[in-house]
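Report on the following structure.
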Amino acid sequence: MTLTVIPLQQTLQKGLDAAAILTGHALQMSLPQKTDLIAKIKDELQRQNAVIVAHYYTDADVQALAEATGGCVADSLEMARFGRDHPASTLVVAGVRFMGETAKILSPHKRVIMPSLEAECSLDLSCSPQAFAQFKADHPGYTSVVYANTSAAVKAQADWVVTSSIAVKVVKFLQSQGEKILWAPDRYLGDYIRQQTQVEMAIWSGACIVHEEFKAQGIRDLLKIYPDAGVLVHPESPASVIALADFVGSTSQLIKAAHDLDFLRFIVATDRGIFYKMQQACPGKIFLEAPTAGNGATCQSCAHCPWMALNQLENVMQTLRSPQLIELDSELIIQARKPLDRMLSFQG
Ligand code: 13P
Ligand code: SF4
């Protein structure tokens, strides 16, 4: 199987460049300018019957605005549910492209816009619909389970879609039905599911460019300085990092664990955008970024997804004025909806 490395590098560079420009602008904004911009966005949201559906990794200002305007800040599973169930006619999906596509698949009659249509995901990019079709053809008789971080065209070919919050439960269920399973595209999450369930799966070899960079040695070194710290890890991280975790889970599950576990200090191996919500959920606790540097480090993302960084107040305003629309073919929506509905109605 060959993976498309060059487009990934190109689009990563584009993401980094665009994020740097946007972040530069945001830093230049004065408080009165920001207040004015937020007021204008609020007016537009109301005028257009629109609601913001944001991921925890987006800019803190965007998360705060989503909360203040009746939108949601959530993990990818809750974003999908919220967008589907909310009565607004326009969903402003602040996240990455697969999240916008999921919202459109679940609410085809709604207008789905995004701050940037260039917000990709390295997992999605690693798994083209053509290569996935070949992967399936190479494994006849297998039940295909794909991560939510895939395009609509890959979902349309899958039996199941899962997010990290329910992947283990779904695979255990399929195991109980005697199914042979193929998994795409995150190899680390695939290894984690395999380790948790003891199910042998055929696993695609994609990775998240953010989580892949966390270093076990760096965490061990930090634990020497803060031996009382708990370790929270997203399962897109390498097995050596997961092995050090006090808790492994999706973004929402990590925030809940930060609140529930008895530690006052945490080392967190996921995108640092989550600190906004963690701090809000646990005001007295201290959160440290898990290290990405160390021997052999090639980090380009350093605990922050360059595509998530494309979600800033300015382009929320821009897309409300000049919509960056998610558009999908109606037949594709019908096909991709089936495995998504299976996930959403799964009672694990
Ligand atoms: P969650 O489903 O945990 O929000 O993860 C989405 C994601 O892209 C993590 O990198
Ligand atoms: Fe994709 Fe990783 Fe960014 Fe999540 S953090 S959207 S998995 S590249």
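Selection within the range 195-217: residues that are more than 21 Å from the chain's Cα centre (by Cα) and under 23 Å from residue 132 (Cα atoms). The member of this set that is farthest from ligand 2 (Cβ to nearest atom) is 200. Of 116, 107, all but one fail to be of a type in the set (Ser, Thr, Tyr) and touching a strand residue (DSSP E or B) at 6+ places or on another chain (Cβ under 7 Å); the exception is 107.
With respect to (1) in a helix (DSSP H, G or I); (2) at pLDDT 95 or above; (3) out of contact with any Leu (no Cβ under 7 Å at 6 or more places or on another chain), the lone exception for residue 57 is condition (1). Scanning the range 293-316 for residues that are away from ligand 2 (no atom under 16 Å from the Cβ) and at pLDDT 95 or above gives 313, 314, 315, 316. For the range 317-333, the condition of being among the charged types (D, E, K, R) and at pLDDT below 95 holds for none of the residues.
In the range 62-102, the residue that is nearest to the chain's Cα centre (by Cα) out of those that are more than 16 Å from ligand 1 (Cβ to nearest atom) and in contact (Cβ under 8 Å) with a residue 60 or more places away in the chain is 92. Restricted to the range 183-246, the set of helices (runs of 4 or more DSSP H) holding at least 1 residues that are within 16 Å of ligand 1 (Cβ to nearest atom) and either closer than 24 Å to residue 146 by Cα or open to solvent by 10 Å² or more (accessible area, probe 1.4 Å) (or both) comprises 187-197, 239-242.
Please give the number of the condition residue 272 fails out of (1) under 18 Å from residue 210 (Cβ atoms); (2) more than 16 Å from ligand 2 (Cβ to nearest atom). Checking residue 272 against (1) under 18 Å from residue 210 (Cβ atoms); (2) more than 16 Å from ligand 2 (Cβ to nearest atom), the one that fails is (2). If the condition is being open to solvent by 10 Å² or more (accessible area, probe 1.4 Å) and either within 21 Å of residue 254 (Cβ to Cβ) or in a loop (DSSP other than H, G, I, E, B) (or both), then the range 159-171 contributes 159, 164, 165, 166, 168, 169. Residue count for the range 120-136 under the criterion of being within 13 Å of ligand 1 (Cβ to nearest atom), open to solvent by 20 Å² or more (accessible area, probe 1.4 Å) and not in a helix (DSSP H, G or I): the result is 1. The set of residues from the range 168-193 being in contact (Cβ under 8 Å) with a residue 60 or more places away in the chain and closer than 17 Å to residue 76 by Cβ comprises 169, 170, 185, 186. Per the listing 81, 97, the residue uniquely surrounded by fewer than 24 Cβ atoms within 10 Å (Cβ to Cβ), within 24 Å of residue 305 (Cβ to Cβ) and either modelled with pLDDT under 95 or out of contact with any helix residue (DSSP H, G or I) (no Cβ under 8 Å at 6 or more places or on another chain) (or both) is 81.
The values are calculated or read from the model by the stated rules, or taken from the named source; none is laboratory data. Predicted model, so just to flag it, every value in this text is computed and none were measured. Heads up, the Cβs are rebuilt from the backbone with ideal geometry, glycines too, and the neighbour counts pull from every protein chain shown. To get the accessible areas, we keep the full protein, side chains included, count just its heavy atoms, and leave off ligands, DNA and RNA. Shrake-Rupley method; radii C 1.70, N 1.55, O 1.52, S 1.80 Å.
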